[in-house]
Amino acid sequence: MITITADDNLSVLKVMRVLLGRIDPNGTHLTADSAAKAFSLVETERPQVIFLDIEMPGISGIEAARKLSERYPRLNIIFITGHSEYALEAHEVFCSGFLCKPVNENDIRRALSHLRFPIESGKRIKVRCGSSFDLFVDDRPFRFKREKTAEMFAYLVYKRGAICQNSELLTALWGGDLEKQGFLRQLVLDLKTSFEAVGINNITEKSRGSICLDPEQIETIGSVDELPEYFGWLDV
């Protein structure tokens with residue numbers, strides 16, 4: 001998620017950076033000490049959410065919100081202010097939220113969970129776990145050349161980015177059959193080349209005798225904890 005906080009109070013900007021970094025550690029959280037600087041950042045960074053102070057020098061947050069919503073109609077605008085009397089005027093510009101200072105982490109989380117325009121994950125790879133295991137790329141069903149590659153990929157998803165030794169994969173997929181080591185190498189290659197064919201690179205990190213996935217590139221739907229039962233993995 002990309003956010004911008006616009007406030008002429010530098011201590012508020014510092015607090016917002018800390019709180020947003022805690023809520024969304026992989027996001028980009030920018031700050032501006034004036035509406036003019038916020039406009040410039042919105043133009044270049046295209047955030048999904050902007051937190052606007054209402055009383056700022058030059059142009060008020062309300063007027064800034066009107067201008068922003070005209071140009072960027074799907075930008076989520078959340079007001080942060082120490083003046084609750086602005087609430088009605090703020091909602092007249094169809095904002096996504098209205099927070100009163102001092103803002104805390106729960107306030108921000110609640111506002112972000114009720115956005116007018118929900119934020120898409122932006123991740124190209126999605127997996128659905130439960131009564132089946134389904135893999136999608138760009139919201140379309142995706143298949144590897146080898147059926148067993150999907151099961152190996154599912155196991156790596158289950159590991160949530162942890163490094164997985166080849167011996168562990170052999171145990172999960174074939175009950176520890178060492179004669180499958182050559183086949184395992186083929187599956188790893190199939191996984192890598194299949195994703196590269198659709199422009200997804202560096203999904204795996206591989207070293208001698210081990211492999212892991214980058215979990216930040218994958219959106220999971222459902223509980224990965226159901227995968228061992230679905231695939232019948234042993235000793236996991």
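The values are calculated or read from the model by the stated rules, or taken from the named source; none is laboratory data. Bear in mind that the values here come from a model prediction, so they are computed numbers and not experimental data. Counting neighbours? That spans all protein chains shown, and the Cβs are built from the backbone with ideal geometry, glycine included. In case anyone asks, the SASA skips ligands and DNA or RNA and just uses the protein heavy atoms, side chains included. Shrake-Rupley method; radii C 1.70, N 1.55, O 1.52, S 1.80 Å.
Pairs are defined by a Cβ separation below 8 Å, a sequence spacing of at least 6 or placement on different chains, a first member in the range 89-113 that is in contact (Cβ under 8 Å) with a residue 40 or more places away in the chain and basic (Lys, Arg), and a second member that is outside any helix (DSSP H, G or I) and open to solvent by less than 70 Å² (accessible area, probe 1.4 Å); the pairs so defined are LYS101/ILE80; LYS101/THR81; LYS101/GLY82. Counting the residues of the range 117-154 that are outside any loop (DSSP other than H, G, I, E, B), out of contact with any Phe, Trp or Tyr (no Cβ under 8 Å at 6 or more places or on another chain) and open to solvent by 30 Å² or more (accessible area, probe 1.4 Å) gives 4. Among the residues of the range 56-93, those that are at pLDDT 85 or above and farther than 16 Å from ASP7 by Cα comprise ARG66, LYS67, SER69, GLU70, ARG71, TYR72, PRO73, ARG74, LEU75, ASN76. Does GLU205 qualify as being open to solvent by 80 Å² or more (accessible area, probe 1.4 Å), of a type in the set (Asp, Glu), over 30 Å from TYR72 (Cα atoms) and not in a strand (DSSP E or B)? For GLU205, the condition - open to solvent by 80 Å² or more (accessible area, probe 1.4 Å), of a type in the set (Asp, Glu), over 30 Å from TYR72 (Cα atoms) and not in a strand (DSSP E or B) - is not met.
Does LEU20 qualify as being surrounded by 15 or more Cβ atoms within 10 Å (Cβ to Cβ), touching a Gly at 6+ places or on another chain (Cβ under 6 Å) and closer than 19 Å to ARG116 by Cα? For LEU20, the condition - surrounded by 15 or more Cβ atoms within 10 Å (Cβ to Cβ), touching a Gly at 6+ places or on another chain (Cβ under 6 Å) and closer than 19 Å to ARG116 by Cα - is not met. Filtering the range 175-198 to residues that are of a type outside the set (Lys, Arg) and open to solvent by 50 Å² or more (accessible area, probe 1.4 Å) leaves GLY175, ASP177, LEU178, GLU179, GLN181, PHE183, GLN186, LEU189, THR193, GLU196, ALA197, VAL198.
All of (1) under 20 Å from LEU115 (Cα atoms); (2) more than 19 Å from the chain's Cα centre (by Cα); (3) open to solvent by 60 Å² or more (accessible area, probe 1.4 Å) hold for GLY61 with one exception: (3).
Which of the residues spanning the range 92-116 are open to solvent by 100 Å² or more (accessible area, probe 1.4 Å) and assigned to a loop (DSSP other than H, G, I, E, B)? Hits for the range 92-116 are GLU92, PHE94, PRO102, HIS114, ARG116.
Pairs, please: C-beta under 8 Å, at least 6 apart or cross-chain, first residue within 16 Å of PRO102 (Cβ to Cβ) and in the range 16-33, second β-branched (Val, Ile, Thr) and open to solvent by 20 Å² or more (accessible area, probe 1.4 Å)? Here the result reads MET16/THR31; MET16/VAL103; ARG17/THR31; LEU19/VAL103, each pair linking the range 16-33 to a residue that is β-branched (Val, Ile, Thr) and open to solvent by 20 Å² or more (accessible area, probe 1.4 Å). When ASN9 is tested against (1) buried (at least 21 other Cβ atoms within 10 Å of the Cβ); (2) under 14 Å from THR81 (Cα atoms), exactly one condition is not met: (1).
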